[in-house]
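The values are calculated or read from the model by the stated rules, or taken from the named source; none is laboratory data. Keep in mind that this is a model prediction, so the values were computed, not measured. Note that we place each Cβ from the backbone using ideal geometry, even for glycine, and neighbour counts take in every protein chain shown. What goes into the accessible areas is simple: the full protein's heavy atoms, side chains included, and nothing from ligands, DNA or RNA. Shrake-Rupley method; radii C 1.70, N 1.55, O 1.52, S 1.80 Å.
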Amino acid sequence: MTGNDLLRCDARRRATSFGCPEEGVLVGFVGNFWSRKRPRFFLEVCARLASSRPDCYFVMFGRNGEETADDLLSFARDLRIADRVTWAGFRLPGEQNIAAIDLLLATALDEPFGRTLVEAAALGTPYLATDDAGHREIWARWGGGGLAPVGASADEFALLALSILRKPEAVILSSQERDKVKIDVSASLHARRIMEIYHRLETGERGTA
């Protein structure tokens, strides 16, 4: 078992301690409950997944925003999936939240270049994200998941999610590719590139003096 496999096993074990099931497929939302993140749309997609995959369970990591956990619980009850959703709250470290799930649904719109998809790609957790803003940039650079059209309905989003769940190995990065993601976003590489910029500026100034 690789170090990454051990991390995922430990993360899933941790997730069971706050209510996630030990068995089954775990689909997750990771983000605070702002309207732009579309937590209600996530639950609508989950309702479609639940009807197609009885082995699917769901977890929402995040703090209250314009929506609250109580609001979303009520909505999940309306969708008849409340008993299959774990409300995990805000938990750190974030990478353990992502490592615990089998599929990350990133339903947000206008998302900047955030860390959630990057961490998923680096951990080998497949994702399905809205094809918008930073999501597309991350997917285009490293892959590791799939994109859904901005205007996709909950049914269409769910169909794409089911496709990934049927064959996750088609999108999960290899260990070498995951290592490259980690290097590309590392603090050491970032610092080195900043110093290269300073060096070029300094050299240019001296050349024109």
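Taking the criterion of being free of Cβ contacts under 8 Å to residues at least 24 places away in the same chain, surrounded by fewer than 24 Cβ atoms within 10 Å (Cβ to Cβ) and either among the hydroxyl-bearing types (Ser, Thr, Tyr) or not in a strand (DSSP E or B) (or both), would at least one residue in the range 54-66 satisfy it? Working first, answer last.
Restricting attention to the range 54-66, the residues satisfying the condition of being free of Cβ contacts under 8 Å to residues at least 24 places away in the same chain are 54.
Next cut, surrounded by fewer than 24 Cβ atoms within 10 Å (Cβ to Cβ) only: 54.
Subset that is either among the hydroxyl-bearing types (Ser, Thr, Tyr) or not in a strand (DSSP E or B) (or both): 54.
There is at least one residue in the range 54-66 that is free of Cβ contacts under 8 Å to residues at least 24 places away in the same chain, surrounded by fewer than 24 Cβ atoms within 10 Å (Cβ to Cβ) and either among the hydroxyl-bearing types (Ser, Thr, Tyr) or not in a strand (DSSP E or B) (or both).
Determine, yes or no, whether ASP83 is modelled with pLDDT of 95 or more and open to solvent by 60 Å² or more (accessible area, probe 1.4 Å).
Details: modelled with pLDDT of 95 or more: yes; open to solvent by 60 Å² or more (accessible area, probe 1.4 Å): yes.
Spelling it out, ASP83 is indeed modelled with pLDDT of 95 or more and open to solvent by 60 Å² or more (accessible area, probe 1.4 Å).
Looking at the range 118-138, is at least one residue outside any helix (DSSP H, G or I), aromatic (Phe, Trp, Tyr) and at pLDDT below 95? Steps first, answer last, please.
Filtering the range 118-138 for residues outside any helix (DSSP H, G or I) gives 124-132.
If we keep only those that are aromatic (Phe, Trp, Tyr) too, we end up with 127.
From what's left, at pLDDT below 95: none.
The answer is no, given that none of the residues of the range 118-138 is outside any helix (DSSP H, G or I), aromatic (Phe, Trp, Tyr) and at pLDDT below 95.
Residue-by-condition table, conditions (1) part of a helix (DSSP H, G or I); (2) hydroxyl-bearing (Ser, Thr, Tyr); (3) more than 19 Å from LYS180 (Cα to Cα); (4) touching a residue at least 40 places away in the same chain (Cβ under 8 Å):
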residue	(1), (2), (3), (4)
LEU43	yes, no, yes, yes
ALA47	yes, no, yes, yes
ALA50	yes, no, yes, no
ASP71	yes, no, yes, no
ALA76	yes, no, yes, no
ARG80	no, no, yes, no
ILE101	no, no, yes, yes
LEU105	no, no, yes, yes
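Listed residues ASP78, ASP83, ASP102; which is under 19 Å from ARG115 (Cα atoms) and of a type in the set (Asp, Glu)?
None of the others qualify; the one that does is ASP102.
Filter the range 144-168 down to residues that are touching a helix residue (DSSP H, G or I) at 6+ places or on another chain (Cβ under 7 Å) and more than 14 Å from CYS46 (Cα to Cα), then give me how many there are. Show your work before the answer.
Step one: of the range 144-168, the residues touching a helix residue (DSSP H, G or I) at 6+ places or on another chain (Cβ under 7 Å) are 144-148, 154-155, 157-158, 161-162.
Those left that are additionally more than 14 Å from CYS46 (Cα to Cα): 144-148.
Counting residues in the range 144-168 that are touching a helix residue (DSSP H, G or I) at 6+ places or on another chain (Cβ under 7 Å) and more than 14 Å from CYS46 (Cα to Cα) gives 5.
With the structure loaded, tell me whether ALA122 is within 22 Å of PRO21 (Cβ to Cβ), over 10 Å from the mean Cα position of the chain (by Cα) and either open to solvent by less than 10 Å² (accessible area, probe 1.4 Å) or touching a residue at least 40 places away in the same chain (Cβ under 8 Å) (or both) or whether it fails that test. If you could, list the steps in order and put the result at the bottom.
Working: within 22 Å of PRO21 (Cβ to Cβ): no; over 10 Å from the mean Cα position of the chain (by Cα): yes; either open to solvent by less than 10 Å² (accessible area, probe 1.4 Å) or touching a residue at least 40 places away in the same chain (Cβ under 8 Å) (or both): yes.
No; evaluated as a whole, the condition is false for this residue.
Please verify whether ASP102 is open to solvent by 20 Å² or more (accessible area, probe 1.4 Å) and more than 27 Å from GLU169 (Cβ to Cβ), treating the condition exactly as stated.
Working: open to solvent by 20 Å² or more (accessible area, probe 1.4 Å): yes; more than 27 Å from GLU169 (Cβ to Cβ): no.
No: the conditions fail for ASP102.
Between residues in the range 167-183 that are within 14 Å of PRO126 (Cα to Cα) and residues that are open to solvent by less than 60 Å² (accessible area, probe 1.4 Å) and among the basic types (Lys, Arg), which pairs lie under 9 Å by C-beta distance while being six or more apart or on different chains?
ILE172/ARG178
Considering each residue of the range 155-171, count those that are open to solvent by 10 Å² or more (accessible area, probe 1.4 Å), farther than 18 Å from ALA99 by Cβ and in a helix (DSSP H, G or I), and give that number.
Residues meeting the conditions: 8.
Sort through CYS20, CYS9 and tell me the only one that's more than 15 Å from the chain's Cα centre (by Cα), farther than 26 Å from SER153 by Cα and loosely packed, with under 15 Cβ neighbours inside 10 Å. Let's see the steps before the verdict.
Values: CYS20 fails: loosely packed, with under 15 Cβ neighbours inside 10 Å.
Within the list CYS20, CYS9, the selection yields CYS9.
Tally time: how many residues in the range 135-154 are open to solvent by 50 Å² or more (accessible area, probe 1.4 Å) and aliphatic (A, V, I, L, M)?
Matching residues across the range 135-154 total 2.
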